[in-house]
Structure formats: C-alpha cells, structure tokens
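Working notes, beginning with the structure itself.
The values are calculated or read from the model by the stated rules, or taken from the named source; none is laboratory data. Values in this document were obtained by computation on a predicted structure and should not be read as measured data. Using ideal geometry, Cβ is built from the backbone for each residue, glycine included, and neighbour counts are taken over all protein chains shown. Heads up: the accessible areas ignore ligands, DNA and RNA and are worked out on the full protein's heavy atoms, side chains in. Shrake-Rupley method; radii C 1.70, N 1.55, O 1.52, S 1.80 Å.
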Amino acid sequence: MKYDLRKMEKKLAKYLDEDRYVHTLGVMYTCTALAMAYGCDLEAAQAAGLLHDCAKCIPNKKKLKMCAQHKIPVTEFEEQHPFLLHAKLGAYIARHKYDITDEEILSAIACHTTGKPHMTLLEKIVYIADYIEPGRDKAPDLPFVRKLAFSDLDECMYEILKDTLAYLEENPKELDHTTTEAYIYYKDLHLRRGQNAQGLPGSIHQPE
Ligand code: FE
Ligand code: FE
C-alpha cells in the first residue's frame, strides 16, 4: 500500500464535521466500487475519495486567506463564492498535509465541484461518486444516475451536469463557467454518440 488510508481517515475526522466525514466515507466507498467496475487504481480512488472534501470545513474567510498565502490563483467568481475554493485548496492540502504526490489524485480533488471538459477516469469517478454516494438524497433521478454510473461514465457525467445546470440556472449568478464548459463537452459527446448509433454522419466536430 502506497498510502496509509487509516491514518488519513483519523486525521480527516479531526478536520471535518460529522456529516462531512460520513459523506467522505460514502464517497470513498463509492469511488472504490466505481474503480473496480472500470479498472482504475483502487488505492488512488480511495485516497482521492477520502481527501476530496478535506478543505470543506475551513471557514470561507480562511479559505481566501490561505489561497492568498499559498499563491493559489482565485478567480473573481471564486472570490464571490469562496465555498468553491475547497476543491483547489483541498488539492493543495492533500499535497502538503497528506503527502499526496500523484498528480491525477490532486487534479481529481481540484475539479470535483465544477467538473471540466475531457476528464480522466479518476476525475470522473470522484466527480460522480460525490454526486451518487449513498448519503445523497436531494438530486433528481438518483436511482437512474446511480445505475448509469456503473454502465457509462461519460453518459453519467452528461446527466449529472445537465441536472446541475438546470438547478443552477434558476440562479444564473451562481454558475461557474467551468461547469458550463464541462456540460457543453459532455453534451457534445452524448449527441455524437446518438448520431453514430443512428448511423448518421459521425461527428459534429469532424477532424479537419
Ligand atoms: Fe466538495
Ligand atoms: Fe463532497
């Protein structure tokens, strides 16, 4: 074992409130199950799931202060919505306080709130596990999305981003452009596959 996961759990329990800690364990186990289904490194998936919200319980003001201290770039949108920073700051803390050096784990932590276009297997696993872990109960269509997660990660990304955007569109000021970019990317993938399935000309963006 490359990582001492039990030690990480003990440390996290000190920095997270009880609800967040329970959510964290749910995400870790869901990441592990998805990693088994898709042949992803199990230990990396467990570590990423465990640490994805490690910065979540830091007060927002302190989040901004820490980003400034450690020269983590903060967009204007993040400055107005500092809760989003727990992803970037989480990646920083995972690297410096939990000794994670695997860039894929760090990037999965960094993009778990917004998603992004063209995500790696581990990034998709963490993003999806965060949405479907057993403790979640508010999102629409959870039984459908949970099942989809185990049959098609890209379609699952599309469904989650679609629901997230529909939810955020009621409040457009809350919408980070990275989430929109991720949605456009996975929607395009979804449409292209639909066309291919119907035997229509291959892709919307044909290679030059
Ligand atoms: Fe989070
Ligand atoms: Fe989370």
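Set side by side, the residues Glu76, Glu43 differ, and just one is in contact (Cβ under 8 Å) with a residue 40 or more places away in the chain and more than 15 Å from ligand 1 (Cβ to nearest atom), which is Glu43.
A count restricted to segment 50-65 and to residues that are away from ligand 1 (no atom under 16 Å from the Cβ) and of a type in the set (A, V, I, L, M) stands at 1.
Among residues of segment 170-189 that are over 15 Å from Thr75 (Cβ atoms), those with a beta-carbon under 8 Å from a residue that is exposed (fewer than 13 other Cβ atoms within 10 Å of the Cβ) at least six positions away or on a different chain give the pairs Tyr185/His118; Asp188/Ile204; Asp188/His205. For His86, are the conditions met, namely being free of Cβ contacts under 8 Å to residues at least 60 places away in the same chain and open to solvent by 20 Å² or more (accessible area, probe 1.4 Å)? Here the answer is no, as His86 does not meet what is asked.
Residues in segment 164-171: is at least one at pLDDT 90 or above and touching a helix residue (DSSP H, G or I) at 6+ places or on another chain (Cβ under 9 Å)? Checked segment 164-171: at least one residue is at pLDDT 90 or above and touching a helix residue (DSSP H, G or I) at 6+ places or on another chain (Cβ under 9 Å). Among residues of segment 51-72 that are under 15 Å from Leu106 (Cα atoms), those with a beta-carbon under 7 Å from a residue that is β-branched (Val, Ile, Thr) and within 16 Å of ligand 2 (Cβ to nearest atom) at least six positions away or on a different chain give the pairs Leu51/Ile109; His52/Val27; His52/Ile109; His52/Val126; Asp53/Thr24; Cys54/Ile93; Ala55/Ile93.
For first residues located in segment 12-37 and on the phi > 0 side of the Ramachandran plot, partners that are open to solvent by less than 50 Å² (accessible area, probe 1.4 Å) and of a type in the set (Asp, Glu) and lie 6+ apart or on another chain with Cβ distances below 6 Å do not occur. Return yes when Glu181 is at pLDDT 95 or above and over 25 Å from His81 (Cα atoms) and no when it is not. Against the criterion (at pLDDT 95 or above and over 25 Å from His81 (Cα atoms)), Glu181 does not qualify. In the set (1) more than 14 Å from ligand 2 (Cβ to nearest atom); (2) touching a residue at least 40 places away in the same chain (Cβ under 8 Å); (3) surrounded by 15 or more Cβ atoms within 10 Å (Cβ to Cβ), the condition left unmet by Tyr92 is number (2). Within segment 132-190, the only residue that satisfies the criterion of being surrounded by 17 or more Cβ atoms within 10 Å (Cβ to Cβ), assigned to a loop (DSSP other than H, G, I, E, B) and away from ligand 1 (no atom under 16 Å from the Cβ) is Leu175.
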